[in-house]
Amino acid sequence: MGKRVAVVLAGCGVYDGSEIHESSAVMVHLSREGAQAEVYAPDVDQMHVVDHVKGQPTQEKRNVLVESARIARGNIKDLAKLDVKELDALIIPGGFGVAKNLSTWATQGKNCIICKEVEDVLKAFHAAKKPIGLCCISPVLAAKIFPGCELTVGHDTECEKWPYAKTAETMKELGCKHVNKHVTETHVDMKNKLVTTSAFMCNAPIHEIYDGIGKMVKEVVRLA
């Protein structure tokens, strides 16, 4: 039997949900590792809906579970029904939905609140000593919940290649150790069984982002 890995999504689309390329890469790499992805999302309204052509919020209202089902090809469950005992690991792809729908990081930074169901799931996997994979912006969830953990969101010095590097500084303010890594690399915090990679936090070719996510997935499955 292959490992059963929970993949938690935050909607559909980089600006208001889960990053689609990252989510797809996670599924492909899990399949390659012989693992079974089981997709979940919270049944809550999105913070807002963004027109991805204009990059501007609209008046529309959408549901995180319903939108995430687009990526999961309809094969998805309400996050409230996740049972950690039936699963071997957890992965949360990035996208602004993590900072808007799974938490309030987008508006409150280090003072954010994490969606209760998401926090409960992360704590349950951590308590069970089961690995957690996080990419792009999603390591901020662990930074908030697990003080002193080691993470990467890429680099901590802002430049054209690393436009979101200030995130690393904010994570340090929460008492985490940030480890600078290239987009094709991962960082493994063995004590907390956290595996992180920067993905689209880096201005990099998509194949490098895909490769970095592949290394993250491989480590998560290895630790499971």
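Per-residue answers, yes or no, for (1) under 30 Å from Asp43 (Cα atoms); (2) in contact (Cβ under 8 Å) with a residue 12 or more places away in the chain; (3) not basic (Lys, Arg):
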residue	(1), (2), (3)
Phe96	yes, yes, yes
Lys116	yes, no, no
Ala127	yes, no, yes
Ile132	yes, yes, yes
Gly154	no, yes, yes
Glu158	no, no, yes
Leu194	yes, yes, yes
Ser198	yes, yes, yes
Asn203	no, yes, yes
Legend entry - Where a residue in the stretch 75-87 is under 15 Å from Leu122 (Cβ atoms) and at pLDDT 95 or above and its partner, wherever it lies, is surrounded by 19 or more Cβ atoms within 10 Å (Cβ to Cβ) and of a type in the set (Lys, Arg), with Cβ under 8 Å and at least six apart: Val84/Lys130; Leu87/Lys130
Inset, instruction - Name the strands (runs of 3 or more DSSP E) wholly inside the stretch 28-102 in which the number of residues that are under 24 Å from Met201 (Cα atoms) and open to solvent by less than 80 Å² (accessible area, probe 1.4 Å) is 3 or more. - result: 36-41, 49-51, 89-92
Legend entry - Members of the stretch 1-27 that are part of a helix (DSSP H, G or I) and open to solvent by 40 Å² or more (accessible area, probe 1.4 Å): Ile20, His21, Ser24, Met27
Legend entry - Candidates Glu19, Glu38 - the one that is acidic (Asp, Glu), touching a helix residue (DSSP H, G or I) at 6+ places or on another chain (Cβ under 8 Å) and on the phi < 0 side of the Ramachandran plot: Glu19
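Just to check your reading of the model, which residue among Thr157, Thr170 is in contact with a helix residue (DSSP H, G or I) (Cβ under 7 Å, 6 or more places away or on another chain) and not aliphatic (A, V, I, L, M)? Lay out the reasoning, then the answer.
Values: Thr157 fails: in contact with a helix residue (DSSP H, G or I) (Cβ under 7 Å, 6 or more places away or on another chain).
Thr170 is the lone residue from the list that is in contact with a helix residue (DSSP H, G or I) (Cβ under 7 Å, 6 or more places away or on another chain) and not aliphatic (A, V, I, L, M).
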Legend entry - For Pro139: the one exception among (1) touching a strand residue (DSSP E or B) at 6+ places or on another chain (Cβ under 8 Å); (2) touching a residue at least 60 places away in the same chain (Cβ under 8 Å); (3) on the phi < 0 side of the Ramachandran plot: (2)
Inset, instruction - Return the pairs, sorted by first residue and then second, in which the second residue is part of a loop (DSSP other than H, G, I, E, B) and open to solvent by 10 Å² or more (accessible area, probe 1.4 Å), the first residue lies in the stretch 22-49 and is within 16 Å of Val64 (Cα to Cα) and charged (D, E, K, R), the beta carbons are less than 8 Å apart, and the residues are 6+ apart or on different chains. - result: Asp45/Lys61; Asp45/Arg62
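The values are calculated or read from the model by the stated rules, or taken from the named source; none is laboratory data. Just so it is clear, the model here is predicted, and its values are computed rather than measured. Cβ sites come from the backbone with ideal geometry, for glycine too, and all protein chains shown count toward neighbours. Remember, those area values only see protein heavy atoms, side chains included, never the ligands or the DNA or RNA. Shrake-Rupley method; radii C 1.70, N 1.55, O 1.52, S 1.80 Å.
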